[in-house]
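Undergrad: Before anything else, here's the structure in question.
The values are calculated or read from the model by the stated rules, or taken from the named source; none is laboratory data. Because the structure is predicted, anything quoted here is derived from the model rather than measured. All Cβ positions, glycine included, derive from the backbone under ideal geometry; neighbour counts span all protein chains shown.
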Amino acid sequence: MPTIVLASASPARLATLRSAGLDPHVVVSGVDEPAVVARYGVTDAEDVCLVLARAKAEEVAARDDLPEDALVVGCDSVLEVAGPDGPQVHGKPADADQAVERWRAVRGRSGVLHTGHWVVDAREDGSGATLGGVASVTVHFADVTDEEVAAYVATGEPLAVAGAFTLDGLGGAFVRGVEGDPHAVVGISLPMLRELLREAGVVWTDLWRPELRAGATAGAPGGGQ
């Protein structure tokens, strides 16, 4: 069966795929993100995350040490918030000071978390498809105090994630709610990935781990008892 190759070091993305029944093979891309953004000349949040997701997936797909049945998935997330001079696009904060600054700017407000996805069908007998899309989710932030911001940033968690927050970690208490697919906030939208893979001719349930597929077959009408 096809092997999902996740072109990301994100533990949250890996955990999300595993929870969904997949068994991804992780190959971290070596993409220089600022250089990619500069080369494409993109500034809009959706364009930034999509070109980065594509660059990561295609860089990994070009390697010669992948499984023969590899379906490479690249992702990237950015947070878009309104600013005095127009929309601002935030990836991972450069340091703790920047993380504190961003939290003080978004607390009590809302932003849009955009997650770009790109799939490359690198299977020897596959479709050769290379396609992507963006999942966007509105995030409503709690009105946290300076002390809470300082304590949160001191944990180091905000420094490793786009927008300086998580939904599935310590930052979850500081998010009042989301509008859209919560998986996209974690870093990978399962519904969008399923749709992209379907366009590439891959059935989502065929990617489930063998024991899950065996159980589904046994429980289906006409299955073995």
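Undergrad: So, restricting to helices (runs of 4 or more DSSP H) that lie completely within region 115-225, which ones have at least 1 residues that are in contact with a His (Cβ under 8 Å, 6 or more places away or on another chain) and at pLDDT 95 or above?
TA: Hits in region 115-225: 190-199.
Undergrad: Give the number of residues within region 83-97 that are in contact (Cβ under 8 Å) with a residue 12 or more places away in the chain and surrounded by 13 or more Cβ atoms within 10 Å (Cβ to Cβ).
TA: Count: 7.
Undergrad: If you don't mind, another one. Of all residues being aliphatic (A, V, I, L, M) and farther than 16 Å from LYS92 by Cα in region 52-64, which is surrounded by the fewest Cβ atoms within 10 Å (Cβ to Cβ)? Just the residue, please.
TA: Selected residue: ALA62.
Undergrad: I'm checking my understanding of the structure. Among residues of region 175-198 that are surrounded by 16 or more Cβ atoms within 10 Å (Cβ to Cβ) and in contact with an Asp or Glu (Cβ under 7 Å, 6 or more places away or on another chain), which one is nearest to THR3 (Cα to Cα)?
TA: My answer is SER189.
Undergrad: While we're looking at this one, here's another question. Suppose we filter region 101-131 for residues that are under 23 Å from the mean Cα position of the chain (by Cα) and under 15 Å from LEU159 (Cα atoms); how many remain?
TA: Total satisfying the criteria: 2.
Undergrad: Looking at region 69-84, can you tell me whether even one residue there is under 26 Å from ALA200 (Cα atoms), touching a Pro at 6+ places or on another chain (Cβ under 6 Å) and among the hydrophobic types (A, V, I, L, M, F, W, C)?
TA: yes
Undergrad: Then there is this: Looking at ALA57, ALA62, ALA53, which one is of a type in the set (A, V, I, L, M), out of contact with any strand residue (DSSP E or B) (no Cβ under 8 Å at 6 or more places or on another chain) and within 17 Å of GLY30 (Cα to Cα)?
TA: ALA62 is the lone residue from the list that is of a type in the set (A, V, I, L, M), out of contact with any strand residue (DSSP E or B) (no Cβ under 8 Å at 6 or more places or on another chain) and within 17 Å of GLY30 (Cα to Cα).
Undergrad: Quick one: would you say VAL48 is closer than 30 Å to GLY108 by Cα, surrounded by 15 or more Cβ atoms within 10 Å (Cβ to Cβ) and without any contact (Cβ under 8 Å) to a residue 40 or more places away in the chain?
TA: no
Undergrad: May I ask you to list the residues in region 68-109 that are under 18 Å from VAL185 (Cα atoms) and assigned to a helix (DSSP H, G or I)?
TA: ALA99, ARG102, TRP103, VAL106
Undergrad: In region 28-45, what residues are surrounded by 15 or more Cβ atoms within 10 Å (Cβ to Cβ) and closer than 16 Å to LYS92 by Cβ?
TA: SER29, VAL31, GLU33, VAL36, VAL37, ALA45, listed by residue number.
Undergrad: Got a number for residues in region 102-158 being touching an Asp or Glu at 6+ places or on another chain (Cβ under 7 Å), of a type in the set (Gly, Ala, Ser) and farther than 15 Å from ASP76 by Cβ?
TA: 5
Undergrad: Name the residue that is surrounded by the most Cβ atoms within 10 Å (Cβ to Cβ), counting only residues in region 1-27 that are of a type in the set (S, T, N, Q) and outside any helix (DSSP H, G or I).
TA: SER8
Undergrad: Looking at (1) crowded, with 16+ Cβ neighbours inside 10 Å; (2) on the phi > 0 side of the Ramachandran plot; (3) more than 16 Å from the chain's Cα centre (by Cα), find the lone condition where GLY201 falls short.
TA: GLY201 satisfies every listed condition except (1).
Undergrad: Among (1) surrounded by fewer than 15 Cβ atoms within 10 Å (Cβ to Cβ); (2) touching a Ser or Thr at 6+ places or on another chain (Cβ under 8 Å), which single condition is GLY111 missing?
TA: (1)
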